1. Give the stretch 371-418 a look and list any residue that's farther than 16 Å from residue 430 by Cα, in contact (Cβ under 8 Å) with a residue 12 or more places away in the chain and either hydroxyl-bearing (Ser, Thr, Tyr) or in contact with a strand residue (DSSP E or B) (Cβ under 9 Å, 6 or more places away or on another chain) (or both), or say none.
2. Name the residues in the stretch 51-70 that are under 18 Å from residue 226 (Cβ atoms) and either modelled with pLDDT under 95 or open to solvent by less than 10 Å² (accessible area, probe 1.4 Å) (or both), would you?
3. Restricting to the stretch 371-384, give me the number of residues that are surrounded by fewer than 19 Cβ atoms within 10 Å (Cβ to Cβ) and of a type in the set (A, V, I, L, M, F, W, C).
4. Any residue that is open to solvent by 20 Å² or more (accessible area, probe 1.4 Å), modelled with pLDDT of 90 or more and under 27 Å from the mean Cα position of the chain (by Cα) - is there at least one of those in the stretch 223-231?
5. Could you list, in sequence order, all residues of the stretch 415-443 that are assigned to a helix (DSSP H, G or I), hydroxyl-bearing (Ser, Thr, Tyr) and open to solvent by 30 Å² or more (accessible area, probe 1.4 Å)?
6. Tell me which residues, restricted to the stretch 169-217, are open to solvent by 30 Å² or more (accessible area, probe 1.4 Å) and outside any helix (DSSP H, G or I).
7. Can you name the residue in the stretch 152-168 that is closer than 16 Å to residue 180 by Cβ and assigned to a strand (DSSP E or B) and, of all such residues, is nearest to the chain's Cα centre (by Cα)?
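The values are calculated or read from the model by the stated rules, or taken from the named source; none is laboratory data. What you are looking at is a predicted structure, and each value in this text was computed from that prediction instead of being measured. Using ideal geometry, Cβ is built from the backbone for each residue, glycine included, and neighbour counts are taken over all protein chains shown. Only protein heavy atoms, including side chains, enter the accessible area calculation; ligands, DNA and RNA are left aside. Shrake-Rupley method; radii C 1.70, N 1.55, O 1.52, S 1.80 Å.
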Amino acid sequence: MDLEKLFKLKEKNTRVKTEIIAGLTTFLAMAYILGVNPAILGASGMDEHSVFMATAISAGIASIVMGVVANYPVALAAGMGVNALFTYTVCFSMQFSWKAALAAVFISGVIFLLISVTGIRKMIINAIPKQLKLAIGAGIGFFIAFVGLKNAGIIIANESTFVALGNFREPQVLLSLFGILVTIALLCLKVPAAVFVGMVITAIVGIVCGIVLEIEGMPMVPEEWIALNFEMETVGAFVSGFNELFANPGTAFVAVFSFLFVDFFDTAGTLVAVANRTGLVNENGDLENVERALMADSIGTVVGSVLGTSTVTSFVESTSGVEVGGRTGLTAVTTGILFLVSVLFSPVVLATVTNAVTAPALVVVGVLMAQQLGGIDWNDLVSAASGFVTIIVMILGYSISNGIALGFITYALTMTASGKFMKINPIIWMLVIIFVLYFAFLV
């Protein structure tokens, strides 16, 4: 294979060695998803081994497609936030089975593919207010951090106050707190792949405590390090979920829209961030090959749903590879190959990655996502009210999609009350009407 011709290495002023190192760096920055995703989706009733396999394989395929088709140094995997949407909103709140949820992911992927090749993408992006996009991103950050704190036992249910602090004398809680502090410290020290390294340190400390102090519930040393178990009960399971999904069309629409919306803007934000750092923006401010990149992302989501995982999306952690010199799709291809190789190490991940180990990753990723709050204009009441409602409902209502829906409704109401009725995009009104009907008849 002529790598120079395929990836235009000289034109991008890079070398094969540099691209491979960048791909390895990106993989290490993203590798935490191999442990976190099975834990989150497993709560919906899915087999964790199957989810691990689906996560690794879909990330491998999608990253390679991105590298070869779009020549972007962007890797993909099952997205954080959207996996929480899958389990805690679509499965728990909307009461869909995980098979129906996979069907919704599949449909959102197909729709994303269609709007990526037809140009509808630009129309939708322009319709959604920037302030609302920022609020949704920050709100999802708070939500997944809350999930992490709850899973770790740091936050517990309380009849009097609804939620309260857990018992800080419990070993699992202490391990999670240790992991959170260590991971934040690593980020402050600008350690590459800080989230992944934090998980490794937390798991090792947990294993030592379990062996030396004989504490129950700690991460364990795997009985085997490499496995050739490629059984995946989740493959094709989405097909049997269509009947259940279409039996509740209104709720199904909200589920599909939520998956599509989060993936859509997660991808757009990541591609813009990477493109600006790698010179992939032309003189008009447009991203080069962006349609191909979006198509690769949507293919990843479709493949992921078929294999058995939540929405596959472009990872902002790809910027870690860019920082060490990644400039072409060879970086993404390298990351993809490493994800495919990781399927052999499922025993290690499933034995060592407990709730106490994943909690730090969830909380710290939540912190990073919540930084988008800084871009919201809190002096503008429209932005402040719609953003606040979006975020608070996501957390207290334990539903990402309901937060999005009420955020849109609040935006329309405050814009109207401010005398800006005519400035509201018709697409927004269409969505608001659908959301109002959803709350009136389906919730």
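1. 383, 386, 390, 398, 399, 401, 414, 418
2. Listed by number, the residues that qualify are 52, 53, 55, 56, 60.
3. To start, the set of residues in the stretch 371-384 that are surrounded by fewer than 19 Cβ atoms within 10 Å (Cβ to Cβ) comprises 371, 373-375, 377-381, 384.
Now narrow it down to the ones that are of a type in the set (A, V, I, L, M, F, W, C): 373, 378, 381, 384.
Qualifying residue count, the stretch 371-384: 4.
4. First, pick out the residues of the stretch 223-231 that are open to solvent by 20 Å² or more (accessible area, probe 1.4 Å): 223-226, 228-231.
If we keep only those that are modelled with pLDDT of 90 or more too, we end up with none.
No: zero hits.
5. Kept after step one, since they are assigned to a helix (DSSP H, G or I), are these residues of the stretch 415-443: 415-417, 421-423, 426-441.
After this cut, where a residue has to be hydroxyl-bearing (Ser, Thr, Tyr) as well, the list is 416, 438.
416 - this is the single residue of the stretch 415-443 that is assigned to a helix (DSSP H, G or I), hydroxyl-bearing (Ser, Thr, Tyr) and open to solvent by 30 Å² or more (accessible area, probe 1.4 Å).
6. Passing the criteria: 169, 170, 189, 190, 191, 192, 213, 214, 215, 216, 217.
7. Restricting attention to the stretch 152-168, the residues satisfying the condition of being closer than 16 Å to residue 180 by Cβ are 152-155, 165-166, 168.
Of the ones still in play, those that are also assigned to a strand (DSSP E or B) are 155, 165.
Numbers: 155: 22, 165: 27 Å.
Among residues in the stretch 152-168 that are closer than 16 Å to residue 180 by Cβ and assigned to a strand (DSSP E or B), the one nearest to the chain's Cα centre (by Cα) is 155.
Here's the yes/no breakdown for (1) open to solvent by 20 Å² or more (accessible area, probe 1.4 Å); (2) at pLDDT below 80:
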| site | (1), (2) |
| --- | --- |
| 255 | no, no |
| 260 | yes, no |
| 267 | no, yes |
| 271 | no, yes |
| 280 | no, yes |
| 284 | yes, yes |
| 292 | yes, no |
| 301 | no, no |
| 310 | no, no |
